[in-house]
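The values are calculated or read from the model by the stated rules, or taken from the named source; none is laboratory data. These numbers were taken from a predicted model, which means no experiment stands behind them. Neighbour counts run over all protein chains shown; Cβ positions are idealised from the backbone, glycine included. Remember, those area values only see protein heavy atoms, side chains included, never the ligands or the DNA or RNA. Shrake-Rupley method; radii C 1.70, N 1.55, O 1.52, S 1.80 Å.
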Amino acid sequence: MTDEILIRRTLSIAARARGRTSPNPLVGAVLVRSGKIIAEGYHKKAGTPHAEVIAIDRAGEKARGAALYVSLEPCCHKDKRTPPCTQKIISAGIRKVVIAMKDPNPKVSGRGVEELERAGIRVVSGILEQKARQLNEYYIKHITTGMPFVILKVAMTLDGKIATPEGESRWITGEAARKMVHRLRGSVDAVLTAVGTVRADDPSLTCRAPGGRDPLRVIIDPHLETGVSARVFSTPPQTIVVAKVSAAGEIKRRELSERGVGTLAYEGDRVDMSWLMRQLGKAGITSVMVEGGASLNASCLAGGIVDKVMFFIAPKIIGGRESIPAVGGKNFLRLAEALRLQEVKMKKVGADFLVEGYLEKPGS
C-alpha cells in the first residue's frame, strides 16, 4: 500500500462525518504496521476524541512502531476540549506520520509537525493535498478569514429560468436533484434565503436526507414581513432574521424573540453581504448555502461572498421575458467582466444536470 492509497483512505473515512464536526475539520486517521492496516478512526463531532486518538486507542500496544496516516496535521495546542494529538502520538511510540496537508489554524500551522520531528518521528506531508483541501474547504475558509464558505445553489431550466411570471417553481428539477440538495443542506451550517422565497413557497428549509442534520436558517427580511406562522419559525432548528434597524420593527422583533427566533439588525437601505457573512462567521458558522431568488443570487454574487456555485439544470424550457431568471439585479457585467468559474465539473443527476465550480477570485 502506497502513501497515496493510505491517505486516500483517511480522506474517505473522514468524509463519513460530513456536516457533523463544525467548527472543527473533517479528519481521518489510519495506523499501519508491517504493511497492514491495524486500526483507523475519524473525528465524529466537535468535543469528541480526534481521529488520531481513536485509531491509537483501538490499536493499543500494536501502535508502537507503526506508521500513522492522517488527513490533516495533528493538533498541538491546548485551547480546546480535547488534549493535543501530538502528545498522544509521541507517547504511543509512532515511528512515522504521513499527513495530507498542514493545518491552516494559526495555533497549529506547522507546529504540530515540528513537535513530532523534535520527538524523532519522521513526518511526510503534502500527499493528495488538493483533495484534502477540498474535503475541508468550509473549515479552511472560516479559520483563515473568519467568514463562512458560501455555496450558491440554483435550480433552473435550460433557458436559465427559476420560475414562471406567476412565481411557479415547483418542481423545476426532479427527485434525484432534490434529494442531493437535502444532503447538501445536511453538510452546511446554515441556509440563507430571503423574505420573497419564504412568502412564495413557505419552505421549512430542513434536511430530509436519512441521518441528516438540519441547518440554521438565515432569512433576509428588511421590513419583518414574514408571518409568524411561517414554517421557518415553527419548525426546528433555529432561524435568524436579518432586518433593518427601525423603531417600527421592535414589536415584531420581540414577538419573534419569544418564539426563539434570533435577529440581526443592519443600517442603511440594503444589507451588506460581506458584513452579514462576518457576523455569521463570528457566531461560528463555517458554511452557508444560498437558496433564494434572482435578487438574492445577484446580491450574493455582486457582494463577492460566493465561493462555489452549484447550478442544477432541468432539460425544460419556459421562455418568456417575464419569467424569472436565475440571477437578477438591475446591473449586468460585460462579457469581458463576466464572473468566471474554475475547476468546473458537470454530471447527470437523475433527469437533470449539475454544473458546479469555484468562483475565480481577483488575481487568481
Exercise. Given the conditions (1) touching a residue at least 24 places away in the same chain (Cβ under 8 Å); (2) surrounded by fewer than 22 Cβ atoms within 10 Å (Cβ to Cβ); (3) closer than 30 Å to Gly328 by Cα, report the number of the one that Tyr138 does not fulfil.
Key: (2)
Practice problem: Select from the range 1-28 the residues that are buried (at least 16 other Cβ atoms within 10 Å of the Cβ) and polar (S, T, N, Q) and write down the one among them that is farthest from the chain's Cα centre (by Cα). | Solution: Thr10
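Residues are listed down the side, and each one gets a yes or a no for (1) in a helix (DSSP H, G or I); (2) more than 30 Å from Lys345 (Cα to Cα); (3) over 17 Å from the mean Cα position of the chain (by Cα); (4) modelled with pLDDT of 95 or more:
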{"residue": "Gln279", "(1), (2), (3), (4)": "yes, yes, no, yes"}
{"residue": "Ser295", "(1), (2), (3), (4)": "yes, no, yes, no"}
{"residue": "Val309", "(1), (2), (3), (4)": "no, no, no, yes"}
{"residue": "Gly319", "(1), (2), (3), (4)": "no, no, yes, no"}
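Please specify each residue of the range 29-50 satisfying the condition of being closer than 26 Å to Arg213 by Cβ, crowded, with 22+ Cβ neighbours inside 10 Å and either hydroxyl-bearing (Ser, Thr, Tyr) or modelled with pLDDT of 95 or more (or both).
Ala29, Val30, Gly41, Tyr42, His43
Yes/no matrix, rows are residues, columns are (1) over 30 Å from Arg183 (Cβ atoms); (2) surrounded by fewer than 19 Cβ atoms within 10 Å (Cβ to Cβ); (3) among the hydroxyl-bearing types (Ser, Thr, Tyr):
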site	(1), (2), (3)
Leu224	yes, no, no
Pro236	no, yes, no
Thr239	no, no, yes
Val242	no, no, no
Glu250	yes, yes, no
Arg253	yes, yes, no
Gly262	no, yes, no
Arg270	yes, yes, no
Quiz item: Inside the range 81-122, can you point out the residues that are of a type in the set (A, V, I, L, M, F, W, C), more than 24 Å from Ile5 (Cα to Cα) and buried (at least 19 other Cβ atoms within 10 Å of the Cβ)?
Solution: Val108
Exercise. May I ask you to list the residues in the range 299-323 that are open to solvent by 60 Å² or more (accessible area, probe 1.4 Å) and farther than 23 Å from Ser287 by Cα?
Key: Pro315, Lys316, Ile317, Ile318, Arg321, Glu322
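Of the residues that sit in the range 192-222 and are in a strand (DSSP E or B) and either free of Cβ contacts under 8 Å to residues at least 60 places away in the same chain or touching a Cys at 6+ places or on another chain (Cβ under 6 Å) (or both), which one is nearest to Arg178 (Cα to Cα)?
Looking at the filtered set, the residue picked out is Arg217.
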Exercise. Go through the range 344-364 and count every residue that is part of a strand (DSSP E or B) and more than 18 Å from Gly174 (Cα to Cα).
Key: 5
Quiz item: For the range 40-152, which helices (runs of 4 or more DSSP H) that fit wholly inside it have 2 or more residues that are closer than 28 Å to Val306 by Cβ?
Solution: 129-135, 137-145
Quiz item: What number of residues within the range 333-348 satisfy the criterion of being in contact with a Gly (Cβ under 8 Å, 6 or more places away or on another chain) and surrounded by 12 or more Cβ atoms within 10 Å (Cβ to Cβ)?
Solution: 1
Exercise. Determine whether the range 103-111 contains at least one residue that is touching a helix residue (DSSP H, G or I) at 6+ places or on another chain (Cβ under 7 Å), closer than 27 Å to Lys36 by Cβ, touching a residue at least 24 places away in the same chain (Cβ under 8 Å) and not aromatic (Phe, Trp, Tyr).
Key: no
Quiz item: Quick check, is His142 out of contact with any Lys or Arg (no Cβ under 8 Å at 6 or more places or on another chain) and at pLDDT below 95?
Solution: no
